[in-house]
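Single-structure report; data block below.
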Amino acid sequence: MSMFEGMKWAVCVRQPVEAPSDLPDPQKLLKFDVDKKKHEIFEAVRGRVKLKAQYTKMGRKPWTQITATLPIIPATTEKEDQAVVWALMNKSTHSEVKENGKGDLVWTMWGHHDYLKWLNIDPEEKKPVDVFVHPVMYETGARKQTVLENKIKKAEKRGDHFAARALARQLEEHEAAQEAKEAADDGPSGKDYHWSTYEECVVTFKKNQSKKAAKQLQLTVKVRTRYLGCGDPKENNGYLGGASDTSVLDPESDVYKLLKRIGM
């Protein structure tokens, strides 16, 4: 007899959180289309990540933040404000919505499936080119180069030629080191076409925000992303060219077939 026979297993099924039952119907309060607003958030996050986030070989997972505005009717109560926010956030998360130390409402979503589900996007029905963030910046040493160049200009401006020459030597050494890294071809480089995926999303609604004059509410949407892989989607049928996750690779590609053969 198996040691597991007869045992009952408790399966933890994550259920989305729904709006509190005591809130009023938000439909008469809304001055925006919920689905369109979610699409705006999706595109705003993607745009912000492309512009600001930078990834490294050490596995950096940068946070990116946007502010979503929700137009409402004037002179609403606190309960009505919450009803409007919940119209956007309802069924958005698989963990309890919490209040922080300031009394603000905070929703947390883990992984790209929960985040995309909130935004009404099914990654199984779309190609990666329409779901994930691309192209994104990969650490090339450009930030350090810019810092050194600015320091050289400041040193020259104040007439400190000794410091300017020392910084110029640092810049030369840095540029040489970066060229050596690119030539080594030991993994992704700054010259590749890079992608990122969604690791965590935290949405915050500040209860005590003055919105009466503007007739709108604001949500802070913070998204942490991580490196996904590389490859120009134009050359890979809308997929990545290389990644450890086979779900983002073209099923017809040699890379996908190879990874499947070795059990990945």
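Counting only residues that are of a type outside the set (D, E, K, R) and farther than 23 Å from His113 by Cα, which one in region 237-261 is most open to solvent (accessible area, probe 1.4 Å)?
Once the filter is applied, the top-ranked residue is Leu258.
Mind checking whether some residue in region 29-46 is closer than 13 Å to Met137 by Cα, out of contact with any His (no Cβ under 6 Å at 6 or more places or on another chain) and either open to solvent by 10 Å² or more (accessible area, probe 1.4 Å) or small (Gly, Ala, Ser) (or both)?
yes
Between a first residue in region 235-264 that is within 17 Å of Asp130 (Cα to Cα) and a second residue that is part of a helix (DSSP H, G or I) and open to solvent by less than 20 Å² (accessible area, probe 1.4 Å), which pairs have beta carbons less than 7 Å apart while being 6 or more apart in sequence or on different chains?
Close Cβ pairs satisfying both conditions: Gly238/Pro128; Tyr239/Pro128; Tyr239/Pro233; Tyr239/Val248; Leu240/Pro128; Leu240/Val248; Val248/Pro128.
From the set of residues in region 103-125 that are touching a helix residue (DSSP H, G or I) at 6+ places or on another chain (Cβ under 9 Å) and over 20 Å from Ala19 (Cβ atoms), which is least open to solvent (accessible area, probe 1.4 Å)?
The residue in question is Leu116.
Contact list please: Cβ distance under 6 Å, first residue in region 44-64 and in contact (Cβ under 8 Å) with a residue 12 or more places away in the chain, second residue surrounded by 16 or more Cβ atoms within 10 Å (Cβ to Cβ) and small (Gly, Ala, Ser), pairs at least six apart or on different chains.
Pro62/Ala53; Thr64/Ala53
Inspect region 7-15 for any residue being modelled with pLDDT of 85 or more, open to solvent by less than 100 Å² (accessible area, probe 1.4 Å) and hydrophobic (A, V, I, L, M, F, W, C) and give the result as yes or no.
no
Take region 74-99 and flag every residue that is at pLDDT below 85 and not charged (D, E, K, R).
Pro74, Ala75, Thr76, Asn90, Ser92, Thr93, His94, Ser95, Val97
Among the residues that make up region 78-97, is at least one of them touching a residue at least 24 places away in the same chain (Cβ under 8 Å), in a strand (DSSP E or B) and not aliphatic (A, V, I, L, M)?
No: zero hits.
Of all residues in region 211-234 being closer than 17 Å to Leu29 by Cα and open to solvent by 40 Å² or more (accessible area, probe 1.4 Å), which is modelled with the highest pLDDT?
Going through the qualifying residues, I end up with Gln218.
The values are calculated or read from the model by the stated rules, or taken from the named source; none is laboratory data. In this text, all values refer to a predicted model and were calculated from it rather than measured experimentally. Here the Cβ is made from the backbone with ideal geometry for all residues, glycine too, and neighbour counts use every protein chain on show. When the accessible area is computed, the model is the full protein with side chains, heavy atoms only, and any ligands, DNA or RNA have been set aside. Shrake-Rupley method; radii C 1.70, N 1.55, O 1.52, S 1.80 Å.
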